[in-house]
1. For residue A:471 paired with residue A:319, estimate the spin-label separation in nm (one decimal), with each label point 7 Å from Cα along the Cα-to-Cβ line.
2. Report, by chain and number, residues whose modeled amide H sits under 5 Å from the one on residue A:199, excluding near sequence neighbours (fewer than 5 apart, same chain).
3. Of the accessible area of region A:688-841, with the probe set at 1.4 angstrom, what percent is carbon plus sulfur?
4. Please work out how much length the chain gains when fully extended from residue A:423 to residue A:105, using 0.36 nm per residue of separation minus the C-alpha to C-alpha distance, in nm with one decimal.
5. Relative contact order for region A:78-161 using alpha-carbon pairs under 8 Å, separation at least 6, rounded to a whole percent?
6. Given A:278, A:346, A:373, which one lies farthest toward the positive end of the charge dipole of region A:278-378, if we put +1 on the Cβ of every Lys and Arg and -1 on the Cβ of every Asp and Glu?
7. So what is the calculated 222 nm ellipticity per residue for chain A, using -39500 (n - 2.57) for each DSSP H run with n of 4 or more, over all residues, to the nearest 500 deg cm²/dmol?
8. With Cβ to Cβ distances under 13 Å as the rule, what net charge do the other residues near residue A:11 carry (K, R +1; D, E -1)?
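The values are calculated or read from the model by the stated rules, or taken from the named source; none is laboratory data. Since the structure is predicted, the reported quantities are computational estimates derived from the model, not experimental observations. Cβ atoms come from the backbone with ideal geometry, glycine included; neighbour counts cover every protein chain shown. For the accessible areas, the whole protein counts, side chains as well, though only heavy atoms, and no ligand, DNA or RNA atoms are used. Shrake-Rupley method; radii C 1.70, N 1.55, O 1.52, S 1.80 Å.
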Amino acid sequence: MKAVELEKAYNPKEFEDRIYQEWKEKGEFAPRKDAKGEHFSIVMPPPNVTGILHMGHALNNSLQDIIIRYYRMTGRPTLWVPGTDHAGIATQNVVERELKKEGLRRQDLGREKFLERTWRVKEKHHDIIKRQLEKMGCSCDWDHERFTMDEGLSRAVREAFVSLYEKGMIYKGKYLVNYCPKCGTALSDDEVEYENTPGKFYHVKYPYADGSGYIIIATTRPETMFGDTAVAVNPDDERYKDVVGKELLLPLTDRRIPIITDQFVDKEFGTGMVKITPAHDPNDWECGKRHNLEVINILNPDGTLNENCPEKYRGLEAVEARKLVRDDLEKEGYLVKEEAYNHDVGHCYRCHSIIEPYLSDQWFVRMKDMARLALDALKKGDVVFYPKRWENTYVHWMETIKDWCISRQLWWGHRIPVWHCASCGKEIVSREDVTECPDCKSKDVKQEDDVLDTWFSSWLWPFSTLGWPDKTEDMEKFFPTSTLVSAYDIIFFWISRMVMSSEEFLSKAPFKDIVITGLVRDIQGRKMSKSLGNGIDPIAVIDQYGADAMKFTLCYMAAQGQDVLIDMNSFKMGSRFANKIWNATRYLLQNIEGRNLVEIKEESLSTFDKWIYSQFNDAALEIGKAMKNYRFNDAANAVYSFFWNDFCDWYIEESKARLFSGSDEEKDLVVSILMDILEKSMRLMHPFLSFVTEEIYQKLPNHKGDVIVAKYPEYDEKYSYPEEKKKVMALQDVVKSVRASRSSLQIPPEKKLKVVVRFTKDFAASTLLEEEKKFISTLVGASELVIDKDGKESVEGALPESGTGYECFTFVRDAINVPEEIKKLEKEISKAEDDLRKTNSKLSNENFIKNAKKEAIEKEKGKKAEFEEKILKSKAHIELLKRI
RNA sequence: GGAGGAUUAGCUCAGCGGGAGAGCGCUUGCCUUACAAGCAAGAUGUCACAAGUUCAAUCCUUGUAUCCUCCACCA
């Protein structure tokens, strides 16, 4: 074979983009035709087309990529569906912000022009997102890419809407909804974020209409008083028993309102008297319905006070109006007092403005029945959360579910498929566009202006992307999907609703395993956000360290749904590992010059050969288990320690002796084994470090095809060599302890010492090659290394060390610092005596002997013997030292 | 008010009923026929606190403290 030259430095930029293009061109991401077994499919949580991907996306997609690559390599039919979400409010906001800079409003453009422009913005962002996913190395099938507003998905949305409507599960009505004046639209309850905000608690006099005095109410929002239609007290409140039914004169107006009773009033809170504003407070709204109160809306859609308020306040925003009302109340002597008061105020999750409860016509979906289906799916085990604790969150949400407000007063989105006939007033709900009234045949039909909540398309994602409502081949082959990977912040918005829709429309759970990842935070544990400026751009990470480094690092840190705290330096970890892989390969490929690959027969394997195969086998087993349980950090750990600690630090080092001084035959065998392990390692590591393993794989003399579709290594009993494993572990301990002794005794490396090793009986049978002995000998700096099989070698005057499976003796007499060594030994003795005391107390404990597992007792006895021996030996050693 | 999580080396975090771990950082020595982005050795821990269960607790139970997240309520 010819040597293969690798670039001196690991430089991912050289090959990452190129390899991605090659994979794409070869169609490696598409489901394989020769795949066998149960399908494995994932739908990518669609990123919003508003922005660029952040670290959270990087984590999420890295894990999905690892999973899908792993299953692809196991030979199962796999599909990873990518796509993007139109993100109604967010995207519309982006475009409106742009317009604002040009001094325009969306109304100036008109619906059609505005949408054209939004599509262009969508295209732009979509392209950026796609490029980012490609840079990360995501092996999703781009031929299956979908967008929540593309034709097929729009059809799915209509199908879902109409079908729910026909079942009576969609209704329209005037309701008090969360309304964002800035975005100009209603929001669902889940889209409101409550924040503790400093405010004032105003105590205000409301005089009796008959002039006989006044009562005092307490409020944080005096400006809403123009919408008051009653004042309520608790029916059991003795203080106000006599005033119930009396009329009050609403200050600053000439309206009269009654005093009523309602259970919801808390006697202890404030003055025990509450102003009731049905149009602007959810509790008051309910109360108003109970008492048939008049509902007075005092706000315009833009959040300013409307014509139902006295003229001087009209057109003011709530916060400004509040100040003015407060001043006026004070001027007129109604304001009793005001106190500082912090309370939770709802904010828009998109633009962060204060949410107003607002009375308007909206569409709703009845959720109770679907929630029951979704709960059953969990109970039956059709969906399983990893980690399990998120099931509580899911259950709680399902059990306390409220109807879902699905209409949004936006232009960007799926327009509600409902038409109204101007002639006969018929409401037409249709899967197809309507141009004529089916009843009166009038052409004067008009579609609803509002669009649907973005999540109304996202909740269909696992099947709409596969072609539903049609019975497609993809649905047949890949539905239900296997695993969903998502962060915990959208369990309500998205995950729960997908289970509901899938159960409702397909009577099946949309996926089996739900993997909940943590959030990516900065090193201080803060959420990454634009305003803090603490975000890390995945592309910047890739530029600096490479996509493999990013993916591996995230995987290594993604433990059990815990939040991931990182900064730019964190990625050095993955980068160093990729570099290590590169350099190990570079070295190995330099040394295949003139060698031949030969058949590797079991009988010709040495102790270290068997050991490395065994370690590889263990790693494959460990990774398989970890992947099955979505324990990504465990998998990454297994990969890392196998390749670096076992293969590089021990096996390659050991092989050098054989590689540089053996016979041609021996050299061929060693190279063959090295290449075999290297080739297998690339397959083992490919899901975690995809680019560097592919780049290397292509250069290996024994590679077949592309590693991306190569067979994933599996645990194989035949490669399990427990004896050799124990033996090499013992040797490693010998090396460590001799080195440690040398170090603590300050014996310089160039000072060669004789070392005698005795294995305990278990390993006496298997022999070490001369080269293996030579290797160990070099590591410990031995002038002579004696493997003392029958214990006949004299160890008189040597420093004894012992550990599991071995004893070793180092002849250190010449180079030793006696007093210090004695001190050290005395310390060891006292520690061993402590340990022995503990062990003895256990062994003399009747209960322990009675109840403990046999192995535990045996182990304890072993420990006792070990400690006793240690003490004896150390004492003997001290004696020895004293004689020197 | 309800639920959940966290508390382990200087930092970021794994582990989890029977002898305290990784990465980074730190100290020391090494350019050992790939890798100084490396190799080797080393130091640092009442595993938050208290009680209980157990033959045995960092791990299980209960309580306490501190921090975080979510949900609900808030005139």
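1. The modelled label-to-label distance comes out at 5.8 nm.
2. The list, which skips near neighbours in sequence, is A:341, A:342, A:343.
3. Working: 3950 of 7810 Å².
The nonpolar share, carbon plus sulfur, comes to 51 percent.
4. Numbers: separation 318, 0.36 × 318 = 114.48 nm, distance 3.23 nm.
Once the chain is fully extended between residue A:423 and residue A:105, it gains 111.3 nm.
5. So the answer I get is 56 percent.
6. Sorting the options by dipole projection puts first A:373.
7. Working: 28 runs with 368 residues, N = 884.
For chain A, the value works out to -13000 deg cm²/dmol.
8. -3
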